[in-house]
Amino acid sequence: MNELRLAYYNLSPELLQGFRSVKEGLEKSPLGLPLVELIYLRISQINGCAFCLSKHSQSLRENQETGRRLAELAGWRVSSQFTLREKAALEWAEALTYVTMTHANDAVYLPLKEYFSDQEISDLTFAIALMNGMNRLAIGMRQ
């Protein structure tokens with residue numbers, strides 16, 4: 001079944017507005033939109049959200065992200081295209097996306113302190129939570 005199951009955006013507009021408010025806050029975050037979009041795209045790859053994959057890869061391309069980095073994102077651990085800061089953020093994103101397996105352990109959390117302020121870690125965690133939530137809405141409702 002690939003038809004839209006429910007138009008959740010029309011049925012629950014006030015709830016969706018909460019998600020939009022988080023998104024708008026993240027657009028002003030000191031993390032920077034390119035990193036936030038990169039995190040969104042990686043989470044969407046993991047969750048298999050076609051709608052979000054298209055949306056966030058397009059946004060990254062519009063903001064001059066290279067095709068090589070987009071192509072190598074799924075293999076970021078072995079790619080030379082990502083900074084240590086980005087790798088720490090991607091590791092955290094994966095740890096929280098797979099939280100039932102990783103339990104967000106200290107080995108993944110503590111390296112963030114080297115590259116991010118406490119506010120940035122908090123913002124990054126909100127970005128990860130938001131995209132996982134949005135992926136679940138889009139996949140669950142077949143957007």
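The values are calculated or read from the model by the stated rules, or taken from the named source; none is laboratory data. Here the structure is a predicted model, which is why all the values come from computation and not from measurement. Here Cβ is always computed from backbone atoms with ideal geometry, including for glycine, and neighbour counts include all displayed protein chains. Remember, those area values only see protein heavy atoms, side chains included, never the ligands or the DNA or RNA. Shrake-Rupley method; radii C 1.70, N 1.55, O 1.52, S 1.80 Å.
Candidates in segment 31-84 are the residues that are acidic (Asp, Glu) and more than 18 Å from Ala129 (Cα to Cα); of these, the one that is surrounded by the most Cβ atoms within 10 Å (Cβ to Cβ) is Glu65. Checking each residue in segment 108-123 for being out of contact with any helix residue (DSSP H, G or I) (no Cβ under 6 Å at 6 or more places or on another chain) and within 11 Å of Ala88 (Cα to Cα) picks out Tyr109, Leu110, Lys113, Glu114, Phe116. Taking each residue of segment 9-30 that is in contact (Cβ under 8 Å) with a residue 60 or more places away in the chain and looking for partners that are open to solvent by 100 Å² or more (accessible area, probe 1.4 Å) and of a type in the set (Phe, Trp, Tyr) with beta-carbon atoms closer than 8 Å, six or more apart or interchain, yields Val22/Phe126; Gly25/Phe126; Leu26/Phe126. Selection of first residues in segment 73-101 that are on the phi < 0 side of the Ramachandran plot and of second residues that are among the hydroxyl-bearing types (Ser, Thr, Tyr) and surrounded by fewer than 19 Cβ atoms within 10 Å (Cβ to Cβ), restricted to Cβ pairs under 6 Å at least 6 apart or on distinct chains, gives the following pairs, ordered by first then second residue: Arg85/Tyr115; Ala88/Tyr115; Ala95/Thr102.
Of all residues in segment 16-29, those satisfying the criterion of being touching a helix residue (DSSP H, G or I) at 6+ places or on another chain (Cβ under 8 Å) and either among the hydrophobic types (A, V, I, L, M, F, W, C) or assigned to a helix (DSSP H, G or I) (or both) are Leu16, Phe19, Val22, Lys23, Gly25, Leu26, Glu27. Listed by first and then second residue, the pairs linking a residue in segment 106-131 that is over 19 Å from Arg20 (Cβ atoms) to a residue that is surrounded by fewer than 17 Cβ atoms within 10 Å (Cβ to Cβ), with Cβ atoms under 7 Å apart and 6 or more places separating them unless they lie on different chains, are Val108/Thr102; Tyr115/Leu84; Tyr115/Arg85; Gln119/Pro30; Glu120/Pro30.
Among the residues that make up segment 92-105, is at least one of them within 17 Å of the chain's Cα centre (by Cα), open to solvent by less than 90 Å² (accessible area, probe 1.4 Å), over 18 Å from Ala127 (Cβ atoms) and at pLDDT 95 or above? No: zero hits. Annotation: of all residues in segment 110-143 being assigned to a loop (DSSP other than H, G, I, E, B) and open to solvent by 20 Å² or more (accessible area, probe 1.4 Å), the one that is nearest to Leu41 (Cα to Cα) is Gln143.
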